[in-house]
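To start, I am sharing the structure in question, which I have written as structure tokens.
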Amino acid sequence: MKQLILISVVLILVICSVLLSLNEQCMILGEQLAFSLQVGHCDLSTATNVPVPSIALIFWIIMNVLFAYFYPKQNVANGYKVATFVLGFPGTLFVYLIAQVARSTQKQKG
């Protein structure tokens, strides 16, 4: 469970990259920042650019990380879990699936 956040973020980025590549779209992350990360099919002659505001991207990542942190905790109210799940969707769906696999693996070992 310790690596849940790292695995979730990497998995989300990989899935977004694959989906954008299949749809021949390019997502530019951090256009307003000092650096820019382009994900997907970024041939500028044929792809359509989908600019994502930095604030929205940061908010979405934070919601996914918070959901990964809140989900296994028993002392966190369910309302917070639901709110972070909805605000971080679709990434939180993958976090949930990873947590379920980790939980079932833990049960099999112990």
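The values are calculated or read from the model by the stated rules, or taken from the named source; none is laboratory data. What you see is a predicted model; the values in this text were computed from it and never measured. Please note: Cβ atoms are built from the backbone with ideal geometry, for glycine as well, and neighbour counts cover all protein chains shown. The accessibility values were calculated without ligands, DNA or RNA, using every heavy atom of the protein model including side chains. Shrake-Rupley method; radii C 1.70, N 1.55, O 1.52, S 1.80 Å.
On the full set of protein chains, 1.4 Å probe, figure out the accessible area of F85 and give it in Å² to the nearest 10.
Using a 1.4 Å probe on the heavy atoms, I get roughly 60 Å².
Ignoring everything but the protein chains, give the 1.4 Å probe accessible area of K81 in square angstrom, nearest 10.
It works out to around 30 Å².
Which distance in nm do the two modelled labels at L57 and S104 give, with both placed 7 Å along the Cα-to-Cβ direction?
With each label point 7 Å from Cα toward Cβ, the separation is 3.4 nm.
Something else: Once phi is turned into ³J(HN,Hα) by the Karplus curve 6.51 cos²θ - 1.76 cosθ + 1.60 with θ = phi - 60°, what whole-Hz value does each residue of region 71-82 show in order, with x for glycine and proline?
4, x, 7, 7, 8, 9, 4, 4, x, 5, 5, 5
Okay, moving on. State in Å² the accessible area per residue of region 61-110; use a 1.4 Å probe, count heavy atoms of protein chains only, and round to the nearest integer.
On the way: 3270 Å² over 50 residues.
Roughly 65 Å² per residue, with all protein chains present.
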